[in-house]
Structures are given as structure tokens and as C-alpha cells.
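Report on the structure given below.
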């Protein structure tokens, strides 16, 4: 299994993605620099977190002009699985591979902490996760998912909401301000409909603000995020 | 003596009055004239004044710093380079340093703090190390000072803004609020990185004829005379110093980091140094000084972002994200190629000479942003001996004077504070107030704004242990990865240093090392950031010298050498100094991740009957310097509590043995807030209660004295009942007093006969401790 991790200038969770894919999952994972025009022949692509181009202009906006982008679009078009994490999610929305946008967190601060997510959609990265609760970290300043009513309707109607912020039991917040026992908002950034991650129409391109690659070993406090990598392996096995 | 460099049109002549404005004393200026044998040019005077500033020359501190122990079997690189390094096995080393950015952070908190982080990161990766974790130590004025919210919010956003973007996790730190910092906050930033010991890079300009290459951001006018500003007290005109603060660009620094590590790996460099304080001047002079060479720069070639920059401005600018490299002759292209890959500018701006002089050429009136290149006809504008600027810079053994006695006995303290009989004190209420005080309560509002999990290495994060534990991925030549586990902590309590700088200095080191062993690590090396007031005030100089001796004694006793550090003086406003704050950070190592310990009692331990024990010297009830006493009296007071370093060493050895033997479920040292707060924190972190009794004591003071005293050399541990004899035995073998206090369980912290406080109440007070300053943090 070959996995490409794209490195934009300012990507900083590239190592996290490579480590999870290569050292934990055991895939043949390697970096692809953004100035390349060829992805090679990967089975899946990870677009990692960070601050591509310093997040200047808008998070993810300038990455869309990198030389590697046409190859990434082509990979998506032919049905290749792509996971965009954090800044990677922002980039995928800027590219139009995923709908909507990520805006500044509601409380206007960078937020880094553990959150609970409820899996909702079946897809390349979430086999068997529907109805399950995973605990993974977030680390972002611009993670508030927004889209127009029509898009939201499509996302909900087509079962493309991959993850929603929830409590430890899997209950989504009754109100945007609902807090957990420690006084922290269940929905950490004010995302519309508590959305933490979405699929494209094919169910093979996933974007999410939380970091499953940073919760793929018990040593790091949670291995829940590893289920996404296992799902990918299973998806590729089935597709073969 | 040398020929006088050409003066530039419109620049003032150097005079004693101008020198004074630049921060030089009359004697210093006279000395410069004598050595030079002529009047310096305006640019030269600028160069001399920044190199002789306290910030760059350490002129008041050098004679004292020499007393710190800097050697040990694990030391790979001691003080004098951009950062220090200690061996972590298999040919790898941990490279680390701490630096202050106090003055700029008070003037402009976001950029001041951000560029502090940027500067310390550069110090570490300049050595060839990839940064893996950062810490910070912050001091603000009293919580209700009108400026505190603005300063706290700005500093935290600045640290996060820089560290989060570059992708180095901020895994811990410490914060204290005290009125002494009302007009002079402290921002000390620490970074540790990983390198191969044989592949470290140094700031040396060796090899006559080798090209000097400028890499990174273009030069602007920001931060001119920043080092001089950082070497003076604040007064009414402080706000007008805004242009001396630098502006950071963490994205540029991320590119610089990646490009530098690639360039280093190609082995085409002789030396490298970042342009930090005093910018191009200090990086050039220090590199030439270390190599015993000279340097000639062509200032016309300096990349710039603004028109009409004068030599003076280019030499003194502290624009951020810039590196000065000395390449091996003929291998410049490898530097240019790596820079092109990362979209960075690079330019050859000079070469190494054997003259022992710092020579700069520039074309008077020429501006490469406007004029065609053929107009350039550079002439010498600066020609100064390297020695004058570096090793022969002024050095002072300033007068010292011990202040008058300011102690009261604990008996007096308690009677003053509680107004009579001890039965009037509701210890439970006092504990709730204390655990909810900004100095003691949760700092989560701060560390939630720091990415503390990037790089997949944070094993014990903020709030989970007495120190942070990070996994270092050490890459071998064949691409295979060794995982190593480092513990890092930063500590100082200026109140204890104020009461007794000798003992207080030793306590800072002891506490920091104790925090390392409490997470299962062995302390390897230390870096310091010595924040004091005006060294020309004899009482301040005395406290500085005493604190150095305290640091040195504890470092020797604990076997922890000092490998790098920084001094920040003149931390006072309108003649009011800060508490003496010799902040220390220690890097330790765990033998394996399995040795790690957190501070929390294990909720599963309630059913298992986990035992709680107090290890170390029993309390004498000495409340001096404690947070509780401060809360009662509104000032730092009491007898200094002192420290028995032999007892401390024994305790730390015992706890490290226990951690390595996997005999403990938790370990937490007694520090701010005393034993009661220590127990409360272990309870509330994972939400489980404890039933304990008052520890045995030698005296008959009221319980609050024993529960809130901050005497050092004590650790509260919990463990499975089956391990009780083994734990006791290890303590006995090390001569460490061992006393069982009680058991984990229930939903309250129940101190027999004294108080019983529901854990939920403690947790709520703890987590909202900063709300009064920053608002609701949900």
C-alpha cells in the first residue's frame, strides 16, 4: 500500500501523517513536495495539517496554486482516496474538492484539546465507524465549518457528514453552547450542525478538522484515530 | 589604529552625548576612543554600543556566571554557543536553551512574545537540531492590574501564533502573577531539539576567503537598537519604544528551518549563526570572534525590504528570520539551491578575512532598490577590531550590598494572618480559594491556545504531570527511527528567591529537577534565564550574585550542569525592580515510556485501595514566601524556608528508583500552595477523592501552617497497596522519610479532622482560576 503525504510550504503535521501511515500502519508512505507535478502512483493521498503559505490570505487558499494540485485533482477524479486533515481540510475546500468553508473559531482563539466525535457516514476512511465515538485532538484557529443551506441539505441528505462533535456518549450538543463536565464546549469552534468532517459525493475524499493521525497510538493518550487508517487499508484491500 | 572610515552624508558625528543616548557610559565611550585612536563614525558607534549593551556583552554578569558548573559526562556542548547540548545516547543529543523577551513583550505583547519564540527556535536549529518541544515561563503583574488582561492575552496569542504555525509543540510552562511585575512582565521561552552529536553546527566564521551568505527575510527598520532597549529600565516614555520591537513571520521561519536542515545535511557550511539581538552586527562579530578571524561585509549586497537603508540601520536592524552562513568556498550553489527550493532569498554579502577586524563597505548614497548596480562603488564605512567588540568588551564586578533583614517568624505570620486563634481558619474554604487563585489554578486557558500535540510526540502533556514528556524521533543514517523520551520542565518562584536569593536560587533548580523525576526522568542538563532588576543597584547585584551561588550549589548537588543560558537585567520600571527571577529549565530523559508518571490519582485506584504517601522532609509549617501567606497579607513575607540539598538529592534518587521500578501510580511534588494544594491537584485532575490524615510534624502550629507551607523536598505519591513494602524499602535505602497519609477514594478530599471538600468543587474552582482575568473560557 503506497500513501503520498503532500508537503506544502508551511505544512507542519506532515510528519504526524507520515508517522501514522508509515510507522504505525506499516504502509509505504512518503512525502511528495508541492513543487512536484506527479504524485507517483499512490493508493491514497494525505493532505496534512499546518499553515500552508502561512495561512496568509485565507487558510489553504494559496496552496491551490501549487504545481502538485492538478495531479491531486486528477487523483480525486479517478476515485483515489484522499484525507485532508486540519489545514488539509481547508485546502480541499479551497480547491472545491469539498464544499463549504472553514472560518475563524467562534471564540476567536486557537484551540488545542481532545474532543469526542461521532462517526456518521460510511466511506473509505470510516468503515464501521458510523455510530461509534472516537476521541481525538483538535488544534486549529479556523475550524468553524460553514456552508449554505442547500449544501447542508445535500450533505445531510446524502449521508456525507462523516463526523460530528459530541459528548463521550455520542450525543451531539443540544445547543451550540452546551459544555461538558469540564466546562468545555462540545462543539469547540461553532461549526454548523456540529460538523467536524465531511465526505465528497464519492465517499472517498474526506476532510476533517480533528487530527486522527495524532491519536493513533495509546502512548499519545488515544489510539482511536487509527481506526481511520485501518479503514483505509480495508478499503484499498476491497477495491483491489 | 586604522584609517578613519568614510562618514556618510547627513549622519551626526559621534560625541559623548550621542554615546550616552546609545547607552554607553562616559567611561565606556572614553575607552572606545582610546582603543580606536580616533572618533568612531555614526555606524561604528551604533555597532560598539549594541555589542557593549548588557544584553549582548553580559558585562555585569560574566564574572558571576563563571561560577556555574558547566561540565559533566553528558555535556556535549556547554555555554558559549547558540545553545547547549547533552547526550541522550546512540550518538544523539538534546540541544536546548532559554531566552528572555521581557522588554519587547511589555511594549507590544503579541510580537514581543512571538519573536521571543522565533528567536529561541533559531538558536536551537542553528545548531543543526530539529526543534521538538517548547516551554515558556511567564510573569505578569497582579491579576487585577488594568494592564494584566491585555498583556496576558497578547503574550499567549503571540507564543501560540508563532509556535503553532512553525509546528513545534508548546508542551508546558509556568505562570506567576505578582505585583512586582506590574510594569515589567517576563517572557522566557525555551526550546529543545534533537541532533546527532557529531553533526552539530557552530557559530564560527573559519576559513579565510570563505563566502558569507545571508539567508532569509529581507532587512527592514524593525528592532533597531532592540538590544540597547532591553538593557535599560522602563520609564514614562516606554510606549515610545515601539519601533524597537521586531515583527515576526513564523511562516518564513518554517521555510528557514527546513532549508537550514537541508543545507546542514549537505555539509557545505563552515559555520552558521542566526541574526538575533543586534542582528547582522552580533552574528558577524561573534562568528569571527569564535574563529579568531575577521569579516568583511559588502552592505550594498544586503537584501532589504525598504528603501534608503543606511549602514547604521542595516547593522543594527533586528528584522527576524535571518541567518548568516559561512560556506565552504566553491559550495555556495548548494546553499542557493536549498534556498530556492524553499522560496528563500540568499545572497553572498562578504567573506572571511584574517585581519581580526570587522570591516563593512557601502556606497555612500547608493540604494540597490533604486540605483543601477554600476553606481555601486563601496567604501569602508566600519572598521573595528573584533576584540574590542567581543572578548574585550567591558566587564564589571559591580558593588553588592545585602538588604536589611525582612523576616518574621512563622508564629508571627500565622497570628498576623489569621488574626488570632487557629480555630478561626476554615481550612476547606482557604483551600477552595487557593486552588482557584490565578497562581495556583488551572492554566488551561493558556495551553489550549498552544498546539501541544503536533509532531506526534507529546506523551505527558500540559496539566498531566509535573513535567512534560515528549517522544523524540531520532533518525539514523539508514532512515530507521529510534524513539527516545525526554522530560522537560521550567521553574522558578521569585518570592522564595526574594526572601533568600541563595536558598531560593537553589530551590528553583531543585524544584525543576524534582519535577523531572516526578514524571520518571533523570535530569541531564539545565539552561537558565536570569531575570533581575538594575545591576547598578548594589542590592540587586547582591541578589544576582547570591542566586548564582544558589543555582551553582544545587546544580552541583544534583549533578545537573548548566549548558546554556541568558541574562536579562534592568527589569524594573521607575526604579521598582521585579522579584529576582532566576528561571531554570531542565531536560531529562526517561529510560523508556513505561517509566512515565502523571500527577493524578488514578480513579481505578479507589477500588484497588491505592495508598497515598508523603516522601521527604516533614513540614515545619514554615509559611515564608507562600502563596497562602501572600493572599493573606498582600506582600511577600515570612522567614525564608530554605533547602537541605542532601535531603533533596536523596528524595530525587528514591523517586527515580520507584518510577523505574514501576512501583508508583502517581507522583506530584509539593510546591505553590503547599501539601493541601498538591493533594487537591492529584484529586481533581482525574476526578477522584482521597482520605488522608494530617502528616506527622515536629511542632504544634495550626494545621494551615503545615498544609499551605511551601517547604521544598517533598513529593506525594500513590501506589497499589501490594507495593507498599517495596516503596517503603526504597525510601529507607535512600534515607528518605516515608509516611502513609491515606488512601485514594470517595468524591472529596478529606483531611481528617481539618476539612472535607468535594472534588467537584475543587475542580470547578481550579478550572475557572483565570476567568477573572480573561473571561469565560468555554
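The values are calculated or read from the model by the stated rules, or taken from the named source; none is laboratory data. Note that the coordinates shown come from a computational prediction; the quantities given were computed from them, not determined experimentally. Cβ atoms come from the backbone with ideal geometry, glycine included; neighbour counts cover every protein chain shown.
Taking residue B:549, is it more than 30 Å from residue A:217 (Cα to Cα) and at pLDDT below 95?
no
So for region A:201-214 (the condition being farther than 27 Å from residue A:158 by Cβ, surrounded by 23 or more Cβ atoms within 10 Å (Cβ to Cβ) and within 14 Å of chain B (Cβ to nearest Cβ)), does at least one residue qualify?
yes
Of all strands (runs of 3 or more DSSP E) completely enclosed by region A:1-98, which ones contain at least 1 residues that are under 19 Å from residue A:196 (Cα atoms)?
Passing ranges, in order: A:44-47, A:82-85.
Which fully enclosed helices (runs of 4 or more DSSP H) of region B:277-348 have 2 or more residues being within 33 Å of the chain's Cα centre (by Cα) and more than 14 Å from chain A (Cβ to nearest Cβ)?
B:279-291, B:311-316
So in region A:183-200, with the set limited to residues that are assigned to a loop (DSSP other than H, G, I, E, B) and within 14 Å of another protein chain (Cβ to nearest Cβ), which one is surrounded by the fewest Cβ atoms within 10 Å (Cβ to Cβ)?
The selected residue is A:183.
May I ask you to say which residue of B:32, B:113, B:3, B:13 is more than 27 Å from the chain's Cα centre (by Cα) and at pLDDT 95 or above?
B:32
Mind listing just one residue for me: the one in region B:242-268 that is in contact with a strand residue (DSSP E or B) (Cβ under 7 Å, 6 or more places away or on another chain) and under 29 Å from residue B:43 (Cα atoms) and, of those, farthest from the other protein chains (Cβ to nearest Cβ)?
The selected residue is B:256.
What about residue B:469, is it within 14 Å of another protein chain (Cβ to nearest Cβ), under 25 Å from residue B:717 (Cβ atoms) and either surrounded by fewer than 19 Cβ atoms within 10 Å (Cβ to Cβ) or modelled with pLDDT of 95 or more (or both)?
Criteria met by residue B:469.
Applying the selection to region B:150-176, what residues are more than 17 Å from the chain's Cα centre (by Cα) and not in a helix (DSSP H, G or I)?
B:167, the sole residue that qualifies.
Of the residues that sit in region A:104-131 and are more than 14 Å from chain B (Cβ to nearest Cβ) and assigned to a strand (DSSP E or B), which one is farthest from residue A:168 (Cα to Cα)?
Looking at the filtered set, the residue picked out is A:119.
From the list B:695, B:703, B:737, B:712, exactly one residue is surrounded by fewer than 22 Cβ atoms within 10 Å (Cβ to Cβ) and at pLDDT 95 or above. Which is it?
Result: B:737 is the single residue among B:695, B:703, B:737, B:712 that is surrounded by fewer than 22 Cβ atoms within 10 Å (Cβ to Cβ) and at pLDDT 95 or above.
Only one of these conditions is not met by residue B:144: (1) part of a helix (DSSP H, G or I); (2) surrounded by fewer than 24 Cβ atoms within 10 Å (Cβ to Cβ); (3) away from chain A (no Cβ under 12 Å). Which number is it?
(1)
Let's see how each residue does on (1) under 16 Å from residue B:667 (Cα atoms); (2) surrounded by fewer than 24 Cβ atoms within 10 Å (Cβ to Cβ); (3) out of contact with any strand residue (DSSP E or B) (no Cβ under 9 Å at 6 or more places or on another chain):
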| site | (1), (2), (3) |
| --- | --- |
| B:607 | no, yes, yes |
| B:611 | yes, yes, no |
| B:618 | no, yes, no |
| B:628 | no, no, yes |
| B:634 | no, yes, yes |
| B:637 | no, yes, yes |
| B:643 | no, no, yes |
| B:651 | yes, no, no |
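Filter region B:551-575 for residues that are part of a helix (DSSP H, G or I) and farther than 19 Å from residue B:100 by Cβ and give the result.
Across region B:551-575, the qualifying residues are B:552, B:553, B:554, B:555, B:556, B:557, B:558.
Among the candidates B:606, B:600, single out the residue that is in contact (Cβ under 8 Å) with a residue 40 or more places away in the chain and in a helix (DSSP H, G or I).
B:606
Output the number of the condition that residue B:776 fails; it satisfies all remaining conditions of (1) buried (at least 22 other Cβ atoms within 10 Å of the Cβ); (2) part of a loop (DSSP other than H, G, I, E, B).
(1)
Take the residues in region A:152-176 that are over 18 Å from the mean Cα position of the chain (by Cα) and under 16 Å from residue A:196 (Cβ atoms); name whichever of them is modelled with the lowest pLDDT.
A:176
With the requirement that a residue be surrounded by 22 or more Cβ atoms within 10 Å (Cβ to Cβ) and away from chain B (no Cβ under 14 Å), what does region A:43-67 give you?
A:44, A:45, A:47
Within the set of pairs 6+ apart or on separate chains, which have a first residue in region A:170-182 that is at the interface with chain B (Cβ under 10 Å from one of its Cβ atoms), a second that is not in a loop (DSSP other than H, G, I, E, B), and C-beta atoms under 6 Å apart?
A:179/A:185
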